[in-house]
1. For residues in the range 203-225 being basic (Lys, Arg) and in a helix (DSSP H, G or I), which is nearest to Leu147 (Cα to Cα)?
2. Across the range 191-225, what is the number of residues that are within 20 Å of Asp76 (Cβ to Cβ) and surrounded by fewer than 13 Cβ atoms within 10 Å (Cβ to Cβ)?
Amino acid sequence: MGTTTTTGRWKVTLIAVALIAMVGLLVAAAAKGEERADRLDRKIRVMEKVLDEVLTQSKHVRVGMSGETTGLVVEDYGAIFIFRGELGGDIDKMPDLANLFRTLDEAATWHDEEALSQGEKEKYSAKSLDQVKKEIDAKHRAELASLRDEVIDTILDYGPTLAELGEDRWVMLVGVLDGGIFAEHEAGGSRSTLTVKMKISDLRQLAGGALTRQAALSKVVVTMK
C-alpha cells in the first residue's frame, strides 16, 4: 500500500513538473513573440521615416514636410507602406503656363491683345491643346518612372531589415500620386498609382549576398497605372 502511494506521489510530482515546464515554455514563447512584434514595429516606423526622407529628397515628387508614409503589417501578407504625393518635384520643368493658357482660350481673355508686345505674342504662340496634353502626359510618365526607380532602390536597401515578417511575406510600397497643377489637362488622368513589392526571402538573399542587385531587380514586382 505504501509503495503504491509513493509511486502515485512520484507520478503527481512528475506531472506537476512537466506542467510547470510547459507553462514556462509558453510564457517564454509569448515573451519572445511580444519582443519580436515590438522589434518589427520599431522597424516599420524606421522604414516609414526612410521612405519619407527619400520622397522629400526626390526631384520627381512633392510631399508634405512632415512626411506622408503610413506603414502597417497585414496578417498572412506582410508589410505595406502607403504614401501620397504630387508628381513633378521640379517646378522649373513644368510646361509653360503661358502656352497652356493660350491653348485654353484666346490671349485677349488674359490680356488686352493690342497691348501685347511682339515678344509677348511670340510667348503666347499657338500650341494645340492636344500637343500640351501630350507634353504633360509624357513628362508625368517620365517622373513616375524616375520615382519608381527611387522606390525600388529603397525596397532593395531597407526591405531586408523586416525579416521578422517571415520568408514568404511581402514588403510592398504603394504611392498614390496626384498629377499636380496640370492634372485636369493630363491625357492620362489626374491620379497615378505606383506599387513596388518584393518577397522577404528574396530580400534576405540579396542582403546575404546570395542574390546580386541586378538579379534582385528581376524579383521586384512593379505596377504603374
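1. Across the range 203-225, the extreme among qualifying residues is Arg213.
2. 1
Condition check ((1) modelled with pLDDT of 80 or more; (2) surrounded by fewer than 18 Cβ atoms within 10 Å (Cβ to Cβ); (3) among the aromatic types (Phe, Trp, Tyr); (4) not in a helix (DSSP H, G or I)) across all residues:
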| residue | (1), (2), (3), (4) |
| --- | --- |
| Val54 | yes, no, no, no |
| Glu68 | no, no, no, yes |
| Leu72 | yes, yes, no, yes |
| Asp76 | yes, yes, no, yes |
| Phe81 | yes, no, yes, yes |
| Gln131 | no, yes, no, no |
| Ser146 | yes, yes, no, no |
| Asp153 | yes, yes, no, no |
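The values are calculated or read from the model by the stated rules, or taken from the named source; none is laboratory data. If you're wondering where the values come from, they're calculated on a predicted model, not measured in any experiment. Every residue, glycine as well, gets a Cβ built from its backbone with ideal geometry; the counts of neighbours run over all protein chains shown.
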